[in-house]
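Asks: Dumping the structure here so I can ask a few things about it.
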Amino acid sequence: MKRRGFLKKSALSAVALAVRTNEVFGARKKSADIESKAPKFTFANTLAEQERQLDNNPLLERFRKSRTKLTKDPHHPLYHFVSPENQLNDPNGLCFWKGRWHMFYQGYPPEDPRQHWGHAISDDLIHWRDMPYAIYPNPEDCCYSGATLVEKDRVIAMYHGTGVGNMVAVSRDPLLLNWEKVTGEAVITSRDVPVRIFDPCIWKKDGVYYSLSGSTLPGPGGKPIRADFLMRSKDLESWEYLHPFVENDRFTLVGDDGACPYFWPIGDRHILLFFSHMSGGQYLLGDYDKGRDKLVATSGGSFNFGPSYPAGVHAPSATPDGQGGVIVIFNMNPGKATKGWGQIMSLPRALTLTTTDELGVEPAGDIASLRYDHRHVGATKLPANEEIVLNGIRGKSTEVVAEIDTGGAPMVEMNVLRSSGKEEFTRIAFYRNRGYWFRRPAPGRHFSLVVVDSSYSSAAPDVTSRAPETAPVYVAPDEPLKLRVFVDRSVVEVFVNGRQCVAVRVYPDRGDSVGVSLRAQGKDAKLNSLDAWQMKSIYE
């Protein structure tokens, strides 16, 4: 086994040294048996042979039986990805390889419920096909979060291995079924660098590999602030520590950390996506100073608007879309205990750069392939202060696309998963020009607010509702409100004018909580059009 090289320490900063206290990993567990007890297979290296092996794979047959059982739960989503067995946690290593999308995630095999890298593939980012577990623990205790880098002849996975440090594994086969760990041990450990080693990402510049390790630095009053520490390597084995990566961050909160980082170009700029254990999924936009190896942040924003627990958006996994944008998917936390499953994945989102410092966000993938039983509502007046129940627009797994001329109404709302007597409902509200007013750039812009309120989504005593998600979105003065709402049993995702997305978990308890209504507050508004579809299951 080739021993990884020593890391240079001459570049270590005094600021970075300060975070070492209490963050060096403890002694490696003394265990004679850390090999995973989950079924493990070695696959051929041609696509045809791999497909033949998968046809009779006993683990995949186990997954199929488990899915049949799990989807009988009335809160189990039909078209959002859920682990085929047991729990899941962070999505990891989203990438595109040999014509297919690959999504990895922290899976927990029931016979060995430590984190393994689960694996699913897709042709369209919507229909996911289960694969066997990809990366198994050993020498690490658990396979935590990380990212992938696609090269011409291989895919590199870099992730955190608990108890040892940051790991690198490589796969070259058509379906990324076989993985080999570089050096067979951690390539970066906390014994070698004076910073905490945690969730890494990886990219390549001028033939050199770069990696971020998510963590914190001391902030005001000793409180932690977000940090990501930069390292580089020529061979994936010997890594050199450089410095904290982000400069001019005025956008994150005191108490945030920089877990699950993903750093990619977007348009003519760069984006750093990450997860804060305090306040959820976020991003920074900025300029990549390649001479100094720094991201100079100029803007930032959130993917959820409050803590990630309960029932909120959690961590990202992101990859370039090949057209200048970024595809990102998130895991979402539960608000109710469910047997055999819990967290789910959001729909994939396509991020683009719409202005120098603003993102566009739209649902990604072939969503239209799920639609059936189309219903249409034409132009309809929304009288002030009168709730209009849309007869025929019903369902627990639906897509609703609506365009509304808000007129002079200060607030309009759509209720989904509404019971006939309104005992249960999930409220989507739009407040025009009720957000912050930004004076610059000239001539200034007044932001609106979109709210998703799950306070009345369930009458069940074992459901934990989430405080209303309230997100800013810019909608021009003469621009209609455009909503694209995805309802899938226990999740509601709302895309607004291609510029914002708000998502929550909900658990309606009544069988009649399937309705949709609209309401304008104070003054009349007008529904220009509404289209709705029932959605097929991706598991059939």
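Asks: Residues of the stretch 507-525 being over 13 Å from Asn391 (Cα atoms) and out of contact with any Leu (no Cβ under 6 Å at 6 or more places or on another chain), which ones?
Replies: Matches in the stretch 507-525: Tyr507, Asp509, Arg510, Gly511, Asp512, Arg519, Gln521, Gly522, Lys523, Asp524.
Asks: What residue, among those in the stretch 138-168 that are within 22 Å of the chain's Cα centre (by Cα) and of a type in the set (Gly, Ala, Ser), is nearest to Asp33 (Cα to Cα)?
Replies: Within the stretch 138-168, the match that is nearest to Asp33 (Cα to Cα) is Gly161.
Asks: To continue, here is another question. Restricting the first residue to the stretch 41-68 and requiring it to be closer than 17 Å to His119 by Cα, which pairs with a second residue that is of a type in the set (Asp, Glu) and part of a helix (DSSP H, G or I) meet a Cβ separation below 9 Å and a spacing of at least six or different chains?
Replies: Close Cβ pairs satisfying both conditions: Phe43/Glu49.
Asks: Any idea which of (1) out of contact with any His (no Cβ under 6 Å at 6 or more places or on another chain); (2) on the phi > 0 side of the Ramachandran plot; (3) surrounded by 20 or more Cβ atoms within 10 Å (Cβ to Cβ); (4) not β-branched (Val, Ile, Thr) is the one Lys422 doesn't satisfy?
Replies: Among (1) out of contact with any His (no Cβ under 6 Å at 6 or more places or on another chain); (2) on the phi > 0 side of the Ramachandran plot; (3) surrounded by 20 or more Cβ atoms within 10 Å (Cβ to Cβ); (4) not β-branched (Val, Ile, Thr), Lys422 violates only (3).
Asks: When the stretch 422-460 is examined, which residues are found to be free of Cβ contacts under 8 Å to residues at least 40 places away in the same chain, touching an Asp or Glu at 6+ places or on another chain (Cβ under 9 Å) and small (Gly, Ala, Ser)?
Replies: Ala429
Asks: Run down Thr464, Thr470 and say which single residue is in contact (Cβ under 8 Å) with a residue 60 or more places away in the chain, of a type outside the set (Gly, Ala, Ser) and under 17 Å from Ile428 (Cβ atoms). Before you say what the answer is, go through the steps one by one.
Replies: On the way: Thr464 fails: under 17 Å from Ile428 (Cβ atoms).
None of the others qualify; the one that does is Thr470.
Asks: Looking at (1) over 25 Å from Ile34 (Cβ atoms); (2) in a strand (DSSP E or B), find the lone condition where Asp173 falls short.
Replies: The failed condition is (2).
Asks: Residues to consider are Val389, Val416; find the one that is under 24 Å from the mean Cα position of the chain (by Cα), modelled with pLDDT of 95 or more and closer than 16 Å to Leu527 by Cβ.
Replies: Exactly one residue qualifies, and that residue is Val416.
Asks: When you scan the stretch 283-325, how many residues do you find that are assigned to a strand (DSSP E or B), aliphatic (A, V, I, L, M) and over 27 Å from Tyr241 (Cα atoms)? Before the answer, list the steps.
Replies: Within the stretch 283-325, the first condition is being assigned to a strand (DSSP E or B), and the residues that meet it are 283-289, 294-302, 313-320.
Remaining after also requiring aliphatic (A, V, I, L, M): 284-285, 295-297, 313, 315, 318.
Next, only the ones that are over 27 Å from Tyr241 (Cα atoms) stay: 313.
The qualifying residues number 1.
Asks: Same structure again: On the basis of being over 24 Å from Tyr105 (Cβ atoms), surrounded by fewer than 23 Cβ atoms within 10 Å (Cβ to Cβ) and not charged (D, E, K, R), does Tyr288 make the cut?
Replies: Yes: the conditions hold for Tyr288.
Asks: For the condition touching a residue at least 24 places away in the same chain (Cβ under 8 Å) and under 14 Å from the mean Cα position of the chain (by Cα), what is the one hit in Gln106, Gln87, Gln115?
Replies: Of Gln106, Gln87, Gln115, the one residue that is touching a residue at least 24 places away in the same chain (Cβ under 8 Å) and under 14 Å from the mean Cα position of the chain (by Cα) is Gln106.
Asks: Does Thr470 satisfy being of a type in the set (S, T, N, Q), surrounded by fewer than 21 Cβ atoms within 10 Å (Cβ to Cβ) and either farther than 26 Å from Tyr309 by Cα or in the same structural domain as Glu493 (by TED's automatic domain parsing) (or both)?
Replies: Judged against the criteria, Thr470 is a match.
Asks: Any residue in the stretch 267-282 that is at pLDDT below 95, buried (at least 24 other Cβ atoms within 10 Å of the Cβ) and closer than 19 Å to Gln500 by Cβ?
Replies: No, the stretch 267-282 has no match at all.
Asks: Within the stretch 406-437, how many residues turn out to be of a type outside the set (Lys, Arg), in contact with a Phe, Trp or Tyr (Cβ under 6 Å, 6 or more places away or on another chain) and not in a loop (DSSP other than H, G, I, E, B)?
Replies: The qualifying residues number 3.
Asks: Might you check whether a residue that is outside any loop (DSSP other than H, G, I, E, B), over 30 Å from Asp192 (Cβ atoms) and either at pLDDT 95 or above or of a type in the set (A, V, I, L, M) (or both) occurs anywhere in the stretch 28-39?
Replies: First, pick out the residues of the stretch 28-39 that are outside any loop (DSSP other than H, G, I, E, B): none.
No, because not a single residue in the stretch 28-39 is outside any loop (DSSP other than H, G, I, E, B), over 30 Å from Asp192 (Cβ atoms) and either at pLDDT 95 or above or of a type in the set (A, V, I, L, M) (or both).
Asks: State all residues of the stretch 491-528 that are closer than 22 Å to Ser458 by Cβ, in a loop (DSSP other than H, G, I, E, B) and more than 28 Å from the chain's Cα centre (by Cα); if no residue qualifies, say none.
Replies: Hits for the stretch 491-528 are Arg510, Gly511, Asp512.
Asks: Need at least 1 residues that are farther than 16 Å from Leu212 by Cα per element, so show me which strands (runs of 3 or more DSSP E) inside the stretch 223-282 make the cut, counting only ones lying wholly within it.
Replies: 224-233, 259-266, 269-276
Conditions tested, residue by residue: (1) under 26 Å from Lys396 (Cβ atoms); (2) within 18 Å of the chain's Cα centre (by Cα); (3) of a type in the set (Val, Ile, Thr).
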| residue | (1), (2), (3) |
| --- | --- |
| Arg292 | no, no, no |
| Ile327 | no, yes, yes |
| Val361 | yes, yes, yes |
| Ile367 | yes, yes, yes |
| His376 | yes, no, no |
| Leu382 | yes, no, no |
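Asks: Looking at (1) modelled with pLDDT under 95; (2) crowded, with 21+ Cβ neighbours inside 10 Å; (3) assigned to a strand (DSSP E or B); (4) of a type in the set (A, V, I, L, M, F, W, C), which is the one condition that is false for Leu217?
Replies: (2)
Asks: Report yes if some residue within the stretch 373-394 is under 16 Å from Tyr79 (Cβ atoms) and either outside the structural domain of Asn528 (by TED's automatic domain parsing) or part of a loop (DSSP other than H, G, I, E, B) (or both); otherwise report no.
Replies: The answer is no; no qualifying residue exists.
Asks: Quick one: Arg250 ticks every box in (1) touching a residue at least 40 places away in the same chain (Cβ under 8 Å); (2) surrounded by fewer than 19 Cβ atoms within 10 Å (Cβ to Cβ); (3) in contact with a Lys or Arg (Cβ under 7 Å, 6 or more places away or on another chain) bar one, so which box is it?
Replies: Checking Arg250 against (1) touching a residue at least 40 places away in the same chain (Cβ under 8 Å); (2) surrounded by fewer than 19 Cβ atoms within 10 Å (Cβ to Cβ); (3) in contact with a Lys or Arg (Cβ under 7 Å, 6 or more places away or on another chain), the one that fails is (3).
Asks: From the set of residues in the stretch 321-342 that are over 27 Å from Val150 (Cα atoms) and in contact with a Leu (Cβ under 8 Å, 6 or more places away or on another chain), which is surrounded by the fewest Cβ atoms within 10 Å (Cβ to Cβ)? Before the answer, list the steps.
Replies: At the first step, the residues of the stretch 321-342 found to be over 27 Å from Val150 (Cα atoms) are 333-342.
Add one more test, that the residue is in contact with a Leu (Cβ under 8 Å, 6 or more places away or on another chain), and what stays is 340-342.
Values: Gly340: 15, Trp341: 22, Gly342: 20.
Ranking the candidates gives Gly340 first.
The values are calculated or read from the model by the stated rules, or taken from the named source; none is laboratory data. In this text the structure is predicted, and so the values were computed from the model without any measurement. Virtual Cβ from ideal backbone geometry, glycine too; neighbours counted across all protein chains shown.
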